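Before any comments, here is the structure.
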Amino acid sequence: MVSSRKPTVGVIDSGIGTWSSVVNVFEYIGVEVAPVSNPKKLNSFSHVVLPGVGNFSKAANILSQSGWSQAIEAFVKRGDLLLGICLGMQLLGKSSEEGDAKGLGLLDFTSVALSRLGPKRVPNIGWATLNHGENHPLMSGIGLDSKFYFSHGYAVNENAFCSIAQTVHNETFSSVVAEGQIFGVQFHPEKSHSQGRKLLSNFAGL
């Protein structure tokens, strides 16, 4: 269910990711946006972004111990829209090989270490394209030649049920996931120039 309210985007400031650049992009494209540092304030928004960088277990414990996990779960149950970015996407799943902490469990996947069996260095840092269908509204207007900026050493398996776009780095992994009103991108749209702005605009318009 998509919220009938005017789209307003909240960017979570939980200490596990840099929220300011995400806020700046939404402001640039004319979307009403604000950082959210209090879990109790999530119900003020129709769309919420969970950015994340760093270690999965550390981030998962921060979310759990500070009340964010419960607030995000309640937000999703209400039917509003959630987008996880980079580590924020991985946290939407059940767990990760990067430690033993539990993720939010909103989507049915586990993050695994990127394969080092191949010519490309790990972690994956740099630009890459997405293999995706053109019928998902999150990907509307984004061509197969569009490149996005990645920075990660763990990823979601390409065969995840919720995978809607994939990228190759020694092996194929899921670069975009979507199920219901929950979305995740492994790359950084806020660092991906016009194509990143287009994706965030698509999200805000859902």
| query | For Cα extents along the principal axes in Å, the listed values are [x] 46, 38, 28; [y] 50, 35, 29; [z] 41, 38, 34; which was obtained by calculation from the structure presented? | reply | [x]
| query | If you build a Gaussian network model of the chain, linking Cα atoms that sit under 10 Å apart, which residue out of Asn124, Asn43, Asn135 swings the most? | reply | Asn135
| request: Take every DSSP beta bridge with both residues inside region 9-205 and express the antiparallel ones as a percent of the total, to the nearest 5. | output: 55 percent
| Gap separating the Cα centres of region 1-74 and region 122-162, nearest whole Å | 21 Å
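In region 144-206, which chymotrypsin sites (Phe, Trp or Tyr not before Pro) are in a loop and have at most 13 other Cβ atoms within 10 Å, using DSSP for the loop call?
Counting only loop positions with at most 13 other Cβ atoms within 10 Å, the chymotrypsin sites (Phe, Trp or Tyr not before Pro) in region 144-206 are Phe161.
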| field | Listed residues Asp108, Asp145, Asp80, most fluctuating in the chain (Gaussian network, C-alpha, under 10 Å) | value | Asp145
| remark: Dividing the helical contributions, -39500 (n - 2.57) per DSSP H run of n ≥ 4, by the residues of the chain yields a 222 nm value, nearest 500 deg cm²/dmol, of -6500 deg cm²/dmol
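Net charge within 15 Å of Asp100 by Cβ-Cβ distance, Lys/Arg positive one each and Asp/Glu negative one each, not counting Asp100 itself?
On the way: positive: Lys58, Lys94, Lys102; negative: Glu97, Glu98.
Counting the neighbours of Asp100, the net charge comes to +1.
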| Reachable aspartates and glutamates, given that their alpha-carbon falls under 15 Å from the alpha-carbon of Lys198 and they are not under 8 places away in the same chain | Glu27, Glu134, Asp145, Glu190
| note | From fewest to most C-beta neighbours within 10 Å, the residues Ser115, Ser192 line up as Ser115, Ser192
| message | What does the extension gain come out to for Ser37 and Ala128, with contour length at 0.36 nm per residue minus their alpha carbon separation? | response | 29.6 nm
| note | Scalar couplings 3J(HN,Hα) for region 119-132 by Karplus 6.51 cos²θ - 1.76 cosθ + 1.60 (θ = phi - 60°), nearest whole Hz, x for Gly and Pro, are x, 9, 6, 10, x, 7, 10, x, 9, 7, 8, 10, 9, 8
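I need Cys162, Cys86 ordered by Cβ neighbour count within 10 Å, fewest first.
The fewest-first ordering by Cβ neighbours comes to Cys162, Cys86.
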| field | Gyration tensor verdict on region 162-206 (Cα atoms; rounded if a/c is under 1.5, prolate if a/b is larger than b/c, oblate otherwise) | value | oblate
| Under a point spin-label approximation (7 Å from Cα along Cα-to-Cβ), what is the Thr172-Asn159 distance to one decimal in nm? | 1.2 nm
| Candidate lysines for bridging to Lys94, where Cα separation is under 20 Å - those fewer than 8 sequence places away on the same chain excluded | Lys58, Lys77, Lys102
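Computed from the coordinates by the stated procedures, all read-outs in this text should not be read as laboratory data. A quick note: this is a predicted structure, and the numbers were derived from the prediction, not measured. Methodologically, a virtual Cβ is constructed for each residue, glycine included, from the backbone with ideal geometry; neighbour enumeration extends over all protein chains shown.
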